[in-house]
1. Among all helices in chain B defined by DSSP H, which have a length of 15 Å or more along the axis from Cα atoms plus a Kyte-Doolittle mean of at least -1.0?
2. Which three numbers, in whole Å and largest first, are the semi-axes of the equivalent ellipsoid of the range A:237-375 derived from its Cα gyration tensor as √(5λ)?
3. Determine one quarter of the surface area of the Cα convex hull of chain B, which equals its mean projected area, and express it in nm² to one decimal.
4. So if the hydrodynamic radius of the range B:146-253 is defined as the Kirkwood radius over C-alpha pairs, what does Stokes-Einstein give as its diffusion coefficient at 37 °C and 0.692 mPa s, in µm² per second?
5. Which chymotrypsin sites (Phe, Trp or Tyr not before Pro) from the range B:157-244 combine a DSSP loop assignment with at most 15 other Cβ atoms within 10 Å?
6. I'd like the per residue volume of the convex hull spanned by the Cα atoms of the range A:113-250, given in cubic angstrom.
7. Work through the residues other than A:Asp158 whose Cβ is under 14 Å from its Cβ and net out their charges, Lys, Arg +1 and Asp, Glu -1.
8. GluC sites (Glu not before Pro) within the range A:157-226: which are DSSP loop residues with at most 10 other Cβ atoms inside 10 Å?
Amino acid sequence: MATLTIEGVRKDFSGTHVLHGIDLAVAEGELIVIVGASGCGKSTLLRIVAGLETASAGRILIDGADVTRLEPKDRDIAMVFQNYALYPHMSVFDNMAYGLRIRGVPKAELAQRVRQTADLLGLGELLSRRPRQLSGGQRQRVAMGRAIVREPKLFLFDEPLSNLDAKLRVAMRAEIKRLQRRLGVTSLYVTHDQVEAMTLGDRLVVMHQGRAEQVATPMEVWSRPANTFVAGFIGAPAMNFLSATLAPGGEAVTLKAGPTIPLIDGRRPLPDGAPLTVGIRPEHLVANGEGPLQLKVDLVEPLGAESLVHGILPSGEELTVRLSGSSPLPGAILPLFAPPMMLHVFDAETGRRADGLPSQRRAEGAASVAKQAADR
Amino acid sequence: MHAPVSAAALAEADRAIRAADRARRNGALVTHAILILGVALFALPIWIVLMGSTHDAATISRGEVPLLPGAEGLANYLTAWGEGSAKTTRAPVSAMMLNSFVMALLITFGKIAISLTSAYAVVFFRFPGRMLAFWSIFITLMLPVEVRIFPTFKVVSDLGLVNTYAGLIVPLIASATATLLFRQFFLTIPDELVEAAKMDGAGPMRFFKDVVLPLSTTNMAALFVIMFVYGWNQYLWPLLITTTGDVETIVIGIVRMLGSEADTDWHIVMATTVMALLPPVAVVILMQRWFVKGLVESEK
């Protein structure tokens, strides 16, 4: 168990900036998920922590000790790779024992530790097999076992589930979370899958183009995204964005699509008429006979219990709604209501979240409403 | 419902089937004929040598080409093995065989060791001049041995290595082909495997020993076969560098056994030739097993 501190880490590859200064403090036993689209620099960051890449600037501290210049083997870190990277010519036992052997762990202790870890992962029967005789899920477990048996200060996971099929991925996801809780090892987990990120992480780092756009708990990232990128990236189907302007007084927004919606969580400290982006999640829109938003239905995707309805607003903007119950037919006009407490308001120029000014009482009210919505 | 099948249609179908059978049979006949011709072309000279080595000197001197075994087989082989050709070299074949064997083995091991390590350096390390080193090795591929044989001879003779094993072997050890082959194989080892070993704490030598070598066994077996045969069959370089019988190889020995027409113990020459054939054949057959085993076991 250890703490990890990343201080101002930057990475340049021959002139292109891959990481623009990342700061992160990971507490003991915490599982941090770094999530982002491919090419956002998340794997590079992980590899810098591992010592497989060198940072162009900044420091990595493990338990307060600067390891920036240390070789991977001197950092006491274990890593699980996307394609598992098992040694193909070694048995499962040897794969797991290799790191211990190099560290000169006595034979008896080594065998005992490997066996214990194998039992923990349900690999006890497979110790003499070669990796190619294992299924994808079993290989994944061996890769995990190889990391666990070392009892390192830090686990690094580099998209460990993306080579598994969907069903196994869900099962392994839960298993990883349970194991990490049980072992209490500080972990960094890289993924591009936002569901994995939400379900696994104690906190998320949402990365975009080499920057950490938001570092927060999954629920906070979901309910109070820091900017339009995070808002659009986290949540499926993605949040709808509508352009709007701030009504005089800053207490309401006027959507380009028509209606003016009051901002019940406080006045926005922006000039009158400031251009805004208003976000609302598809699941928060309500189909209502008198709703002010007139959606021309274009496509309906039934998901069983619910349907996704895609359509176009009079302003020409696209909008997606998640409806339970009966769904409209393509071509119909669907009146929608956007509940004021579910709106996310962003400054259209910077993309940053614009929070309401308290009015303390109102802010609390809004938070509890948001919480209720989230709990649902 | 089906229409009733007419007898004519049945007969027609029957004819078609028979025609197809005939065509297949004829096709098989032609392919076999060609194959048998090919085998005969390759095997006949060897058969003649094999049969010739079992007759006495007189038979061959008369200009006969015996195609059936004679009675002198054992005697011929024993003479060749123990004494060699009485008329020409007078050196026993056993000594030449040993020389050839030592040379071929050392060349093979030398080549594999040098090319494994140099390919390892070129693929897994980043150092200034890496590509230069690679290209220099690569370019020597295009130079046939004969081109550099005189400078090489000069170097070896200046070092006083003429008529020594070292002089015979060392210049043949450098191998661009094997280096390239190992390089290509190393490039297929996934980066993540290298990184996993780094995370496990393996240094470069440890990684080489524990991961690269075991994964390369198939390639090494293949190279062993090729290089052993290459070393065994060396002709030009041993011809230059061996002037006495001490380190003479069997390939050179056979040539030296050939005196003038009347002066040659043809039956001994043929027995020697057959013996010279055996080790490469044995290596191919023995290593083939390893080879297949390696192919089956290590999957990448």
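1. Qualifying helices: B:7-52, B:93-124, B:130-140, B:176-187, B:217-232, B:266-297.
2. Each semi-axis is √(5λ); the values are 27, 17, 12 Å.
3. With every direction weighted equally, the projected area is 29.1 nm².
4. 198 µm²/s
5. Sites meeting the loop and neighbour criteria: B:Tyr235.
6. So the per-residue Cα hull volume is 137 Å³.
7. -3
8. Here no GluC sites (Glu not before Pro) fit, given the DSSP loop and packing criteria.
A short reminder: the numbers here are calculations on the coordinates, not readings from a lab. All values reported here derive from a predicted model rather than from experimental measurement. Cβ atoms come from the backbone with ideal geometry, glycine included; neighbour counts cover every protein chain shown.
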